[in-house]
1. Mind checking whether some residue in the stretch B:167-176 is among the β-branched types (Val, Ile, Thr), within 14 Å of chain A (Cβ to nearest Cβ) and either surrounded by fewer than 18 Cβ atoms within 10 Å (Cβ to Cβ) or assigned to a helix (DSSP H, G or I) (or both)?
2. Kindly list the number of the only condition in (1) modelled with pLDDT of 95 or more; (2) small (Gly, Ala, Ser); (3) surrounded by fewer than 24 Cβ atoms within 10 Å (Cβ to Cβ) that fails for B:Gly92.
3. Please enumerate the residues belonging to the stretch B:167-197 that are of a type in the set (Gly, Ala, Ser) and in contact with a helix residue (DSSP H, G or I) (Cβ under 7 Å, 6 or more places away or on another chain).
4. Could you tell me which of the residues A:Ala64, A:Ala94, A:Ala70 is surrounded by fewer than 19 Cβ atoms within 10 Å (Cβ to Cβ) and either in the same structural domain as A:Glu234 (by TED's automatic domain parsing) or closer than 17 Å to A:Leu163 by Cβ (or both)?
5. Only one residue in B:Val148, B:Val106 is assigned to a loop (DSSP other than H, G, I, E, B), touching a Leu at 6+ places or on another chain (Cβ under 9 Å) and either farther than 24 Å from A:Phe159 by Cβ or aromatic (Phe, Trp, Tyr) (or both). Which one?
6. For the stretch B:193-209, does any single residue satisfy the condition of being more than 20 Å from B:Thr84 (Cβ to Cβ) and either in contact (Cβ under 8 Å) with a residue 40 or more places away in the chain or not polar (S, T, N, Q) (or both)?
7. Can you tell me which of B:Asp209, B:Asp240, B:Asp221 is acidic (Asp, Glu) and closer than 27 Å to B:Thr75 by Cβ?
8. Does the stretch B:190-235 hold any residues that are outside any helix (DSSP H, G or I) and surrounded by 19 or more Cβ atoms within 10 Å (Cβ to Cβ), and which are they?
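The values are calculated or read from the model by the stated rules, or taken from the named source; none is laboratory data. Since this is a predicted model, take the numbers as computed values, not measurements. Virtual Cβ from ideal backbone geometry, glycine too; neighbours counted across all protein chains shown.
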Amino acid sequence: MTRARGLARLLPALVALGLAPGAAVAQRAQWTDVVYVPGRWTGGRIAPGPDSLALVMRVDYFAAAPRWRAEMRRTTDGQTMGAAQILMGNGQSAVVVTQLGTTPLDQHALGRDTLVRALVVFDQSGQLKGPENGRITERSAGGKVLRVVFRRAVRNPSFDTALLDPGNRAGGRTLLASGIAAVGDQRSASVVATAGARGVDRVKTPGGEVPVTPDTMAVVRMERFTIGSVALEEFLRAGGLGAYAAPPDSSGRHP
Amino acid sequence: MTRTARAGAVLGALALLQAIAAPAAAQSLLDRLRQAANVARTLLPISTEKEVAIGRGIAATIAGRFPVSTDEALTRYVNLVGLTVASQQPRGDITYHFAVLETPTVNAYAAPGGYIFVTRGALGLMHSEAELAGVLAHEVGHVNQKHVINQIRKSDTMREVKSQLDIQGGTLDKLVGTGSDALFTGLSRGDEMEADSLGLEYASSAGYDPGGLAAFIGRLDQHAGEGPVSEFFATHPKPDERVERLHAIAEREHLGGGVTLAERYRLNVK
C-alpha cells in the first residue's frame with residue numbers, strides 16, 4: 001500500500017478526532033451595522049434636524065466567505081424594530097429568504113430599496129465588505145450626509161455556518177431570534193404559557209436550610225418587564241457601547 | 001501488520017481510552033463501560049421548554065427568599081446593562097430577564113432559562129457600570145453554559161426521568177429544589193471559572209472596561225469577614241485567585257480600553 005493511499009484511509013479517523021488540516025471550517029465573521037440618517041424622529045416621521053441622527057435600521061451580518069447572511073430590522077416609528085428580513089448570498093449573488101422560500105434580490109422589492117442596496121456592498125475581490133469597526137459616514141456627490149453607519153465586529157463568532165445555506169430548513173429563522181432583537185419587541189408566549197413550576201419552600205444555604213415562600217408573581221413581573229430594541233440601541237449609543245464603542249487603538253488593543 | 005493498520009489500531013485505542021478515561025486501574029473494563037452507560041443514560045438532555053420551566057421555579061424560589069425590587073427605574077437600568085452584555089453571544093432559544101433583589105446580602109444568581117438577579121447589597125459595593133456589566137455577564141455565562149441544568153441532569157431525580165414528558169408535577173418540583181440548592185450552596189469551581197472567562201469576554205466585547213468584574217471581586221476581598229459577603233465567600237472560589245486569572249486572560253486576549261461609565265452608574269443606582 002502506498003503512503004498516499006494509507007493516509008487517505010487514515011483521513012476519516014483523523015477528521016473524527018479533529019486533527020486533519022482539511023477539517024478546518026471557513027473563517028467566520030460577524031458584525032453589526034446600526035444605520036442612522038440625518039434628522040430626528042417626531043410623531044412617527046423623520047423631521048430634518050441639524051446635528052441629529054435618526055435610527056432607521058440594524059443589520060447583523062454573518063459570513064464565511066464566500067457565503068454571507070444579513071438580518072435587517074427596520075424601525076418605521078423610531079420606537080420599535082420590525083421583524084427581521086433575511087438576505088443570503090454566495091459572493092455577489094443575493095437572495096431574499098422567507099419562510100416559504102427564496103427570491104433573487106433583483107426580483108424582490110428590497111432590491112429597489114436604496115438603503116438595502118447601500119448595505120450589501122462588495123469589495124474588489126467580490127466579498128461582502130466588512131467588518132472593520134468604527135463610524136462610517138456616507139455622503140452624496142455634493143458632500144451631503146446620506147447615512148451614518150456604526151459598525152462593530154464580534155470577536156469570536158460561533159454561529160452555525162449551516163445557516164448560511166438558503167436551502168437549510170432553518171434558514172428562514174433569524175439567528176438572533178430572542179437574543180437582542182426580540183428582547184422587548186417579541187416575547188415568546190408559548191414558552192411562558194407552558195412553564196409551571198411553583199418553586200420550593202425550603203432551600204439549602206451555606207448557613208443551613210432556610211424556609212422560603214416562592215413568589216411566582218415576581219417572576220411574571222420580570223417576564224412582563226420589556227426593553228424595546230430601540231431603547232436598548234439608544235442606551236448603547238449614549239454609553240459608547242456595542243457598535244458605538246471606540247475602534248481598536250493604534251496598538252491593536254480592542255476595547 | 002501494515003503501517004496504516006498499526007496507525008489505525010493506535011487511533012482506535014486512543015479513542016477508546018478517551019471515551020472511557022479510566023482513573024482506577026483496579027476497576028475492570030466491563031465495570032467502567034457499565035458505569036459510562038449509566039452516566040449516559042442519566043444525563044438525559046433537558047429541552048429548552050423544560051429548562052425555562054425549571055428556571056421559573058428556581059427564580060420564584062430566589063424571589064421568595066429575597067424580595068424583588070419594585071423600583072422600575074433601577075430595574076430598567078439593570079435590564080439595559082444585562083441585555084447589553086447578553087446580546088454579545090445570545091442563546092437564540094431563550095429571553096433574558098434581569099431583576100434586583102432587596103437584600104444587603106452581596107451576591108448574584110442565574111437561574112436556568114435566563115432569569116438573572118443581582119442583590120442591592122452587591123449594587124451598593126459597585127463603583128461603575130463596567131463592574132455591574134462584568135457581574136451580569138458572569139451570570140449570563142452560567143445561563144449560556146447551562147451550569148445549573150447540568151447539575152440537575154446529574155441528580156438522583158433525573159435517574160427516574162425517561163423523557164421530557166416526565167418533567168412535570170412532583171418531578172419538576174424536585175428538580176427545582178435541586179437547582180435552587182445548587183445555586184444557594186454554590187456551583188463548582190470549574191463552572192465559576194468558566195463563567196468568569198465568559199463574563200470577561202461578553203463585557204469587553206460589549207465595549208466595557210474588561211477590568212470591571214475583577215475590580216468588583218477584588219473589592220469584596222476587602223470586606224471579607226463581614227456578614228453580607230459571607231455567603232458569597234462560602235459559595236465562590238477565592239477572590240484573589242479569580243482576580244489574578246481575570247487579569248491574565250485580559251492580557252492574553254489583548255483586552256483593554258472600554259468604558260467604565262461610573263457617572264451613569266451613580267445616577268442610576270442610588
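1. yes
2. If we test B:Gly92 against (1) modelled with pLDDT of 95 or more; (2) small (Gly, Ala, Ser); (3) surrounded by fewer than 24 Cβ atoms within 10 Å (Cβ to Cβ), just (1) comes out false.
3. Passing the criteria: B:Gly179, B:Ser180, B:Ala182, B:Gly186, B:Ala195, B:Ser197.
4. Details: A:Ala94 fails: surrounded by fewer than 19 Cβ atoms within 10 Å (Cβ to Cβ); A:Ala70 fails: surrounded by fewer than 19 Cβ atoms within 10 Å (Cβ to Cβ).
The conditions single out A:Ala64.
5. B:Val106
6. yes
7. Answer to the check: B:Asp209.
8. B:Gly207, B:Tyr208, B:Asp209, B:Pro210, B:Gly211
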